[in-house]
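**Student:** Sharing a structure, written as structure tokens. Questions coming.
No value in this document is a laboratory result; all are computed from the given coordinates. Quantities reported herein were computed from a predicted structural model and do not represent experimental measurements. Cβ placement follows ideal geometry from the backbone for every residue including glycine, while neighbour counts extend to all protein chains displayed.
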Ligand SMILES: [Zn+2]
């Protein structure tokens, strides 16, 4: 991962949170009909998007980013639409901190809603203090030789832009299963549970009058996805479900605004992984061996230019567990460390 600190992109005028030039515009975008998106280029680790739907006298926010400082900046940028349509509901698409640790920045009168599965996962996630500790450890390890130094340097870049120290969490106030309809000041909005895919409790938010879907991490656009739960076939089914909705604009959890083509490209990635990764598993190789082989294949060429292609290392671990009839890898610190050791190793190989 090459970072050029604070170098805005000549066209977009933005820097990514990592400090790299932004490949696409950042901040708020009016999508029309009272619908807004919030973009955080370049969609890599923690650079998550969010969205807002405003109706008469009330509004619904989709996701709140990775810390209260980022969420506060987003709410300030949305001040004009929020003035006439105060926030009533926050829909959390899934359990990953980069989509809800900013919940503390929203007014306490707003109700936080997530799927029942997501709420259970959110309650069990390691807290921000653990992430702050991990970041300090990563900083200490950066000068060490070998895999420890590599994972230290990788994690330091990944965690540097975020304010975890002293951050408190706000858990959901309400949960749902299957689907939940909202009347946002006369505008119908529907949250649909489509997990398990990226995580156990994934949901997407359909805004029919604007033809928009806020996809959370069910859609990554131009960014390599990462499967924490799966099965992969269910993620493909979730994408197919998104494509059946009356919409032509898909706000991904990470990456720029997507259309049907970009959603289809993500589907292609999973089909490729099932086939190519499945063959590696069949041949008795380890996920680590498979990753090193697959990045050298023509099939991977279509996805190599996406952000964070090294996430393939995690996707193969989860796919192989699936094939072995094992549950998703538990999210313990030791497991995460092992996964990120493989990710950092693959990143170094891809940079050569
Ligand atoms: Zn995310």
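**Student:** According to the square roots a ≥ b ≥ c of the eigenvalues of the Cα gyration tensor, what is the shape class of segment 270-352, taking rounded for a/c under 1.5, prolate for a/b larger than b/c otherwise, and oblate for the remainder? Display every interim value, and only then the final one.
**Tutor:** Numbers: a/c = 1.82, a/b = 1.13, b/c = 1.60.
Oblate shape, in that a/c is at least 1.5 and b/c is the bigger or equal ratio.
**Student:** Sort segment 1-158 into rounded, prolate or oblate with this rule: let a ≥ b ≥ c be the square roots of the eigenvalues of the Cα gyration tensor; rounded if a/c is under 1.5, and if a/c is not under 1.5, prolate when a/b is larger than b/c, oblate otherwise. Display every interim value, and only then the final one.
**Tutor:** Values: a/c = 2.82, a/b = 1.44, b/c = 1.95.
In terms of gyration-tensor shape, oblate.
**Student:** Hey, rough spin-label estimate for residue 125 and residue 33, points 7 angstrom out along Cα→Cβ, what's it come to in nanometres?
**Tutor:** So the two model labels end up 3.0 nm from each other.
**Student:** What FRET efficiency comes out for residue 350 versus residue 165 if R0 is 45 angstrom and r is the Cβ-Cβ distance? Round to the nearest 0.05.
**Tutor:** So the FRET efficiency works out to roughly 0.90.
**Student:** Out of 148, 112, 314, any idea which swings most in a Gaussian network model of the chain, alpha carbons joined below 10 Å?
**Tutor:** 148
**Student:** Shape of segment 166-210 from its Cα gyration tensor (a ≥ b ≥ c, root eigenvalues): rounded if a/c is under 1.5, otherwise prolate when a/b > b/c, or oblate? Display every interim value, and only then the final one.
**Tutor:** Working: a/c = 2.21, a/b = 1.35, b/c = 1.63.
Because a/c hits 1.5 or more and a/b fails to exceed b/c, segment 166-210 counts as oblate.
**Student:** Turning to a different aspect of this structure: Is it possible to state the helix-based mean residue ellipticity at 222 nm for the chain, with each DSSP H run of 4+ residues giving -39500 (n - 2.57), the sum divided by total residues, to the nearest 500 deg cm²/dmol? What is it?
**Tutor:** Values: 11 runs with 123 residues, N = 352.
Calculated from helices alone, the mean residue ellipticity at 222 nm is -10500 deg cm²/dmol.
**Student:** Please arrange 320, 214 by counting, for each residue, the other beta carbons lying within 10 Å of its beta carbon, fewest first.
**Tutor:** In increasing order of surrounding Cβ atoms, one gets 320, 214.
**Student:** Extension gain residue 173-residue 76, at 0.36 nm per residue separation less the Cα-Cα distance, in nm?
**Tutor:** Result for the pair: 32.6 nm of gain on full extension.
**Student:** Okay, moving on. Could you work out which residue, out of 243, 87, 326, moves most in a Gaussian network model of the chain, that is, has the largest mean-square fluctuation with Cα springs under 10 Å?
**Tutor:** 326
**Student:** Another question about this same structure. Quick one: angle between helix 128-141 and the longest Cα principal axis of the chain, in degrees between 0 and 90, rounded to 10, please.
**Tutor:** Relative to the chain, helix 128-141 is tipped by roughly 40 degrees.
**Student:** Report the residue, chosen from 268, 98, 324, that carries the largest GNM mean-square fluctuation when the chain is represented by alpha-carbon nodes joined by springs under 10 Å.
**Tutor:** For the chain, modelled as a Gaussian network with Cα springs under 10 Å, the answer is 324.
**Student:** Continuing with the same structure: Report the label-to-label distance for residue 331 and residue 243 in nanometres (one decimal), using points 7 Å from each Cα along the Cα→Cβ vector.
**Tutor:** 2.9 nm
**Student:** Report the normalised scattering of the chain as log10 I(q)/I(0) at q = 0.09 Å⁻¹, calculated by the Debye formula with identical scatterers on the alpha carbons.
**Tutor:** Per q value, in the given order, log10 I(q)/I(0) is -0.46.
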